There are 2 protein chains.
Amino acid sequence: MTASLPSPEERLRAAGQRVTAQRVLLLRLLDESKEHLDAEGLYERARREMPDINLSTVYRNLAVLKEAGLVEQRYFAREHGREYFEPSTSAEHYHFTCLSCGRVVEFETPLIARVRAELQARHGVRVRHACICFEGICADCAARGQTVPPSKEIIPHDPPSHV
Amino acid sequence: MTASLPSPEERLRAAGQRVTAQRVLLLRLLDESKEHLDAEGLYERARREMPDINLSTVYRNLAVLKEAGLVEQRYFAREHGREYFEPSTSAEHYHFTCLSCGRVVEFETPLIARVRAELQARHGVRVRHACICFEGICADCAARGQTVPPSKEIIPHDPPSHV
DNA sequence: AGCTTTTTGCAAATGATTTGCAAAAAGCTA
DNA sequence: TAGCTTTTTGCAAATCATTTGCAAAAAGCT
């Protein structure tokens, strides 16, 4: 799964960015987890291998990597105000977040690409980036009667896959 | 355009919320501007008529009104970390934000509703809310050669309609 | 009018993200 | 590989939007 992608060093060089131990580490962690991590999450993982790494370094590098197209920012409705990232290599998909338990459901659909195409065609704009996310009640929570917009407290009934 | 919708007072009562001068004012301002306002923007407008209104009151009431379904939160990719609101009465539409000039293009499409329907059908979830937004370069900026992800500085070439 | 509950204004807290700065590391170049 | 220039790092303090605690004021009964 991670077999054919260039190493963090190569990707950094290819993008014309300096290769620092911190960047290499962050890229690798992002690759490995193949999941949505925010700066704090990345920081936690990173300091396990590089105890002196600083949170602001993580933020700064996420900005650099994003600018360079090496990572992509993902959005979750529930998590507005918190920025999540995935390696740019992951497949195009979208997210649904359960308001009750926090579970994240990933799904694919060609329709968003069509929306983008139509938007570009009809308005002459060039779409560079999209934020698409849904939230509501997942099947399990619905089954156990969770139908109303519940308290802000999220009680995971099952560990969300990205934790 | 605003002819047939119930007054702020009526809407508040119908939603089982207390009718306070502040809430009535905020709802009215939201109706009048028919545009995307954030808490700060609403606050600015509100204090012109009610100089002692407090920013935290605006925040608290936006939360209440949102919970009651009287206003809806809108999302702009560029504005992540800032919460925008529109009256719930406005038609379903989506936003494209120009990274270069800040212009907001509104557009409609039935495809998002289909995505939602498919998501619900295929995963058994109940979608309560969606965040759909696009960003990139608008036609005008493209015409004047703005094609790269420019600096954070946004130079409006034309006052965006919502200011 | 009197009583109870909700809301308000104010100030201070929060939480994520950013910034200034001097020291350290990266990427040349000779 | 040493020397030099530019970028990056760690740290602490700052910022910015949003939230919260609290006592006084207003709303909604009766």
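The values are calculated or read from the model by the stated rules, or taken from the named source; none is laboratory data. Note that the structure is predicted; figures quoted are calculated from it, not measured. Every residue, glycine among them, receives a Cβ derived from its backbone with ideal geometry; neighbour counts consider all protein chains shown. Protein only, heavy atoms only, side chains kept; ligands, DNA and RNA dropped before computing areas. Shrake-Rupley method; radii C 1.70, N 1.55, O 1.52, S 1.80 Å.
If you filter the stretch A:58-117 for trypsin sites (Lys or Arg not before Pro), then keep DSSP loop positions with at most 16 other Cβ within 10 Å, what is left? All intermediate terms of the calculation are to be shown ahead of the outcome.
Values: sites: A:ARG60, A:LYS66, A:ARG74, A:ARG78, A:ARG82, A:ARG103, A:ARG114, A:ARG116; in loops: A:ARG82, A:ARG103.
Answer by residue number: A:ARG82.
Of all the Cα-Cα pairs you can form in the stretch B:48-147, what percent are over 22 Å apart? Show your work: numbers first, answer last.
On the way: 2388 of 4950 pairs.
Taking all Cα-Cα pairs of the stretch B:48-147, the fraction more than 22 Å apart is 48 percent.
Sum up the charges of everything whose Cβ sits under 13 Å from the Cβ of B:ALA142, counting Lys and Arg as +1 and Asp and Glu as -1, but leave B:ALA142 out. Intermediate results must be reported in sequence, preceding the final value.
Working: positive: A:ARG126, A:ARG128, B:ARG103, B:ARG144; negative: B:ASP140.
Local net charge: +3.
What total accessible surface area, summed over both chains, is buried at the interface between chains A and B, computed with a 1.4 Å probe and given in Å² to the nearest 100?
Numbers: alone 10120 and 10110 Å², together 16870 Å².
The contact between B and A buries close to 3400 Å².
What percentages make up the Cα-Cα pair-distance distribution of the stretch B:1-90 when the bins are 5 Å wide from 0?
It works out to 3, 14, 29, 25, 20, 7, 2, 0, in whole percents.
Report, for B:GLU67, each distance to the same residue's label point in the other copies, shortest first and in nm; define the point 7 Å along Cα→Cβ.
In ascending order, 4.2 nm.
If the label for A:GLY81 sits 7 angstrom from Cα along the Cα-to-Cβ line, what are its distances to the same label in every other copy, in nm to one decimal, shortest first?
1.3
Taking B:PRO6 in one copy and the same position in all the others, each labelled 7 Å out along Cα→Cβ, what are the pairwise distances from the first, in nm, shortest first?
Distances between equivalent label points, in nm: 6.0.
In Å², what does the accessible area per residue of the stretch B:1-90 work out to with a 1.4 Å probe? Spell out each step's value before the answer.
Details: 4790 Å² over 90 residues.
On a per-residue basis, 53 Å².
How high is the relative contact order of the stretch A:1-70, in percent, with contacts defined as C-alpha pairs under 8 Å that are six or more residues apart? Present the calculation step by step, with values, prior to reporting the outcome.
On the way: 39 pairs, mean separation 21.7, N = 70.
About 31 percent, as a whole number.
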